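The values are calculated or read from the model by the stated rules, or taken from the named source; none is laboratory data. All figures in this text were calculated on a predicted structure; none of them were measured in a lab. So basically every Cβ, Gly included, is an ideal-geometry build from the backbone, and we count neighbours across all protein chains shown.
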Amino acid sequence: MPAFKNLPEPPRAAKKPVTDTRHGVTRTDDYAWLRADNWQSMFKDTSILDPEIRAYLEAENAYQDAAMADTADLRKKLFDEMKARIKEDDSSVPMKDGPFAYGTLYVKGGEHAHYFRTKRDKDGLKEILLNGDREAEGKAYCRFSGLDHAPGHDKGIWGFDDKGSEYFTLKIRDFKTGKDLADLLENTGGGGVWAPDGKSFFYTRLDENHRPSKVFHHILGQPQSSDRLVYEESDPGFFMGVGGSMLEDFIFIDIHDHETSEYRLLSTKNLTAEPMLVAERVEGIEYSMSEGGDVFYILTNDGDAKDFKIMQAPVNAPGKENWTEVVAHRPGTLILSVEAYKGHLVWMERHEGLPRIMIRDRVTGEDHSIAFAEEAYSLGLIGAMEYDTDWIRFSYSSMTTPSQLFDYNLKTRERVLLKTQEVPSGHKIDDYVTRRVFAPTADGEKVPVTLLYRKNTKLDGGAPCLLYGYGAYGISIPASFNTNCLSLVNRGFVYAIAHVRGGKDKGFAWYENGKMENKRNTFSDFIAAADYLVRQQYTSFDRIVAEGGSAGGMLMGAIANMAPEMFAGVIAAVPFVDVLNTMLDDTLPLTPPEWPEWGNPIDSREEYDYIASYSPYDNVGAKAYPPILALSGLTDPRVTYWEPTKWVAKLREHTTSNNPVLLKTNMGAGHGGASGRFQRLEEVAYEYAFALKVIGKA
């Protein structure tokens, strides 16, 4: 029986053909009108959205409401289950810094974090510095960028975005009075880096195209208009970030795209000086820096070190000509990050697909590692706030094991368990199985697939499966504990993550083989994973629901075009599906910085043709598409709302099946969806209800 019955007539977007000719190729886009001409201004004030566009989005929302109306009770049940697995009044283990330890907590029923501190080494009274629930009162959306305390521990920078557009407003909280100073900084990237005296800080400001193109120095008590411009990046293809060293000696200006980077340093001994260039940008060369007293440690891929190596250079002469090797490049062992402390060098690496933490004694040169024995797991290096310390912090979890937080002594190798994630409704590890299997591809590769299912789930091909994928920017999807997916697993699902090319799950080459002219490998890997799971009788094609978001939403659009018969349903969250049009529009926030990831179709006919060959929107055709759910945010600056909107309109026009194509647009949020922790659960419950509905278990 069909999962969707008695549906009203779906909205039909008007066709207003717009033609575009590039490299002698002319394309017609019937739905280009859904892109608001005033999108930059609309991100700050949604009331100015074109009424015709708003009416269409609201009609789509009404249609998906009708299509999913019969899942209302199921969604409530799913939400209640997921909420019951969350410790509502949870609190982090505070991190020590000077006389205090800083952390976050939640209160029962609260949506947002409260930032607190306690006296160092004492379990005393928590001093609330910023109450997130109070600050979010009256706002439909509110996301915080954190609270960065000043070196003197008397005040802190905090930021908020109340539209979902990722334009953050910064304020300064006085910890003694609990009130904010008069300083108000708008259109920032969120957060700032304090000068050592606590009288000023550095921050990035976003330009009209939503790019962090300028670094400013703000002196407390002065208006934002008088802030000094420290550095401006003129190349729209590069993003900037600003950070600081633990010793408070330097301000780091990090300039980067997805394959090239450049650092500029500002000594805090002279805040008005021009930032000093460390090593000029060279296409394809990446590096990052961490201060280690009299030296900098530099993580880089320079010299054909694809999986990265660690170098060092004197603090007073950090130029590339003075770099010397500390940790050599080892093909197949990807170094992810490095941190320096007074007595030890600490780095994260991924070896044979699994993460581990490496520690080196800076005096003796002796190395040792922190690793675990499970078949698939997630490891997070949290580190420390202080440079002169023997203790660092890390987290561990697996698909079956709730998150554990440890303090680790770098000298004695003592491991102290600080906290284990509580699941108030109960969780028995032995009821579940986690596995890592490998799906063969047509070109001879093997795609890692992480699985989670209940021990009593029959693996005879009849189990439903949610298959998740991402595969872009070198991002690896961790095999970590996820209380939400238990709502599917407990209903007999196999929950699977396909670690497709485009991520760095198997080293840097795994990323390279899933980008630019190799992008199609990402899509074929996901299809190979689905095929393998069926052949091994974990599931069947009419029981697989595919899910991905953002660049993973591009993956969803591609596999829906390439193999619609292999999936019972597709969930595409904020999906990047209009790839060719977006990469041809250099005014959009992410376009120039993303050319190294996808290609530049403006300058290159070859790259134009390749993107056109897979861009989901451009390849929609007369096919029997499965049920598709697209999720969008009106103020999303990363994947603009019109991408999924146009895609849905075109899918609905061309599909040869009777399966519905649904679009749910959050009219008050952006890329990350709802900002509150329980509001987010409602969105997950909606997605899961769709998955259950399309496989007949709603």
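Could you check the stretch 416-445 and list, in sequence order, the residues that are assigned to a loop (DSSP other than H, G, I, E, B), touching a residue at least 12 places away in the same chain (Cβ under 8 Å) and within 28 Å of PHE526 (Cα to Cα)? Once the filter is applied, which keeps residues that are assigned to a loop (DSSP other than H, G, I, E, B), touching a residue at least 12 places away in the same chain (Cβ under 8 Å) and within 28 Å of PHE526 (Cα to Cα), the stretch 416-445 yields THR441, ALA442, ASP443, GLU445. Restricted to the stretch 158-193, and to residues there that are of a type in the set (Ser, Thr, Tyr) and at pLDDT 95 or above, the residue that is nearest to ALA136 (Cα to Cα) is THR169.
Restricting attention to the stretch 586-643 and to residues that are of a type in the set (S, T, N, Q) and within 28 Å of TYR167 (Cα to Cα), the residue that is surrounded by the fewest Cβ atoms within 10 Å (Cβ to Cβ) turns out to be THR587. Check whether at least one residue in the stretch 318-329 is touching a Lys or Arg at 6+ places or on another chain (Cβ under 9 Å), among the aliphatic types (A, V, I, L, M), farther than 22 Å from ASP361 by Cα and crowded, with 16+ Cβ neighbours inside 10 Å, and report yes or no. The answer is no, given that none of the residues of the stretch 318-329 is touching a Lys or Arg at 6+ places or on another chain (Cβ under 9 Å), among the aliphatic types (A, V, I, L, M), farther than 22 Å from ASP361 by Cα and crowded, with 16+ Cβ neighbours inside 10 Å.
Among the residues of the stretch 287-308, the one identified as without any contact (Cβ under 8 Å) to a residue 60 or more places away in the chain, crowded, with 20+ Cβ neighbours inside 10 Å and touching a His at 6+ places or on another chain (Cβ under 9 Å) is ALA305. In the condition set (1) of a type in the set (Gly, Ala, Ser); (2) at pLDDT 95 or above; (3) closer than 18 Å to GLU349 by Cβ, GLY332 is compliant with all but (2). Check the stretch 266-285 and report whether any residue there is within 19 Å of SER213 (Cα to Cα) and within 24 Å of the chain's Cα centre (by Cα). No, every residue in the stretch 266-285 fails to be within 19 Å of SER213 (Cα to Cα) and within 24 Å of the chain's Cα centre (by Cα). Looking only at the stretch 1-24, residues that are touching a Phe, Trp or Tyr at 6+ places or on another chain (Cβ under 7 Å) and not charged (D, E, K, R) come to 5 in all. Kindly indicate whether LEU405 is assigned to a strand (DSSP E or B), under 13 Å from ALA529 (Cα atoms) and within 26 Å of the chain's Cα centre (by Cα). Judged against the criteria, LEU405 is not a match. Taking the conditions exactly as written (outside any helix (DSSP H, G or I), hydroxyl-bearing (Ser, Thr, Tyr) and either farther than 27 Å from ASN38 by Cα or in contact (Cβ under 8 Å) with a residue 24 or more places away in the chain (or both)), does THR635 satisfy them or not? Answer is yes for this residue. Inclusion of GLU349 among residues that are acidic (Asp, Glu) and buried (at least 19 other Cβ atoms within 10 Å of the Cβ) is warranted.
Selection of first residues in the stretch 534-545 that are on the phi > 0 side of the Ramachandran plot and of second residues that are of a type in the set (Asp, Glu), restricted to Cβ pairs under 8 Å at least 6 apart or on distinct chains, gives the following pairs, ordered by first then second residue: GLN537/ASP460.
Restricting ALA698, ALA674, ALA612 to residues that are hydrophobic (A, V, I, L, M, F, W, C), within 30 Å of ASP50 (Cβ to Cβ), assigned to a loop (DSSP other than H, G, I, E, B) and in contact with a helix residue (DSSP H, G or I) (Cβ under 6 Å, 6 or more places away or on another chain) narrows the list to ALA674. The set of residues from the stretch 421-457 being among the β-branched types (Val, Ile, Thr) and under 24 Å from the mean Cα position of the chain (by Cα) comprises THR434, VAL447, VAL449, THR450. Only one entry of ALA572, ALA630, ALA622 meets the criterion of being under 29 Å from ALA528 (Cβ atoms), part of a loop (DSSP other than H, G, I, E, B) and in contact with a helix residue (DSSP H, G or I) (Cβ under 6 Å, 6 or more places away or on another chain), and that entry is ALA622. In the stretch 279-392, counting only strands (runs of 3 or more DSSP E) that sit wholly within it, the ones holding 1 or more residues that are touching a helix residue (DSSP H, G or I) at 6+ places or on another chain (Cβ under 7 Å) and closer than 30 Å to VAL437 by Cα span 333-340.
The set of residues in the stretch 647-693 being small (Gly, Ala, Ser) and under 22 Å from ASP29 (Cβ atoms) consists of ALA649 alone. Only a single criterion out of (1) in contact with a Lys or Arg (Cβ under 9 Å, 6 or more places away or on another chain); (2) under 27 Å from HIS351 (Cα atoms) is not satisfied by MET240, namely (2). Scanning the stretch 132-148 for residues that are at pLDDT 95 or above and over 25 Å from the mean Cα position of the chain (by Cα) yields ARG134, GLU137. Note on the stretch 1-20: residues that are touching a strand residue (DSSP E or B) at 6+ places or on another chain (Cβ under 8 Å) and without any contact (Cβ under 8 Å) to a residue 24 or more places away in the chain amount to 3. With the checklist (1) farther than 22 Å from LEU181 by Cβ; (2) crowded, with 21+ Cβ neighbours inside 10 Å in hand, flag the one item ARG117 doesn't pass. Condition (1) is where ARG117 drops out. Assess whether GLY221 counts as being surrounded by fewer than 22 Cβ atoms within 10 Å (Cβ to Cβ), in a loop (DSSP other than H, G, I, E, B), out of contact with any strand residue (DSSP E or B) (no Cβ under 8 Å at 6 or more places or on another chain) and touching a residue at least 12 places away in the same chain (Cβ under 8 Å). Here the answer is no, as GLY221 does not meet what is asked.
Conditions: (1) of a type outside the set (Phe, Trp, Tyr); (2) surrounded by fewer than 18 Cβ atoms within 10 Å (Cβ to Cβ); (3) out of contact with any helix residue (DSSP H, G or I) (no Cβ under 6 Å at 6 or more places or on another chain); (4) at pLDDT below 95. LEU229 meets all but one. Number of the miss? It is condition (4) that LEU229 fails.
The single condition among (1) surrounded by 21 or more Cβ atoms within 10 Å (Cβ to Cβ); (2) of a type in the set (Phe, Trp, Tyr); (3) closer than 27 Å to LYS163 by Cβ that PHE238 does not satisfy is (1).
Name every residue in the stretch 405-434 that is surrounded by fewer than 16 Cβ atoms within 10 Å (Cβ to Cβ), farther than 25 Å from ASP388 by Cα and out of contact with any Lys or Arg (no Cβ under 7 Å at 6 or more places or on another chain), in order of residue number. Scanning the stretch 405-434 gives THR420, GLY426, LYS428, ILE429, ASP430.
Scanning the stretch 167-218 for residues that are closer than 26 Å to ALA273 by Cβ, among the acidic types (Asp, Glu) and either touching a residue at least 24 places away in the same chain (Cβ under 8 Å) or surrounded by 17 or more Cβ atoms within 10 Å (Cβ to Cβ) (or both) yields ASP183, ASP197. Entry remark, the stretch 654-675: residues being more than 19 Å from the chain's Cα centre (by Cα) and among the aliphatic types (A, V, I, L, M) number 4 in total.
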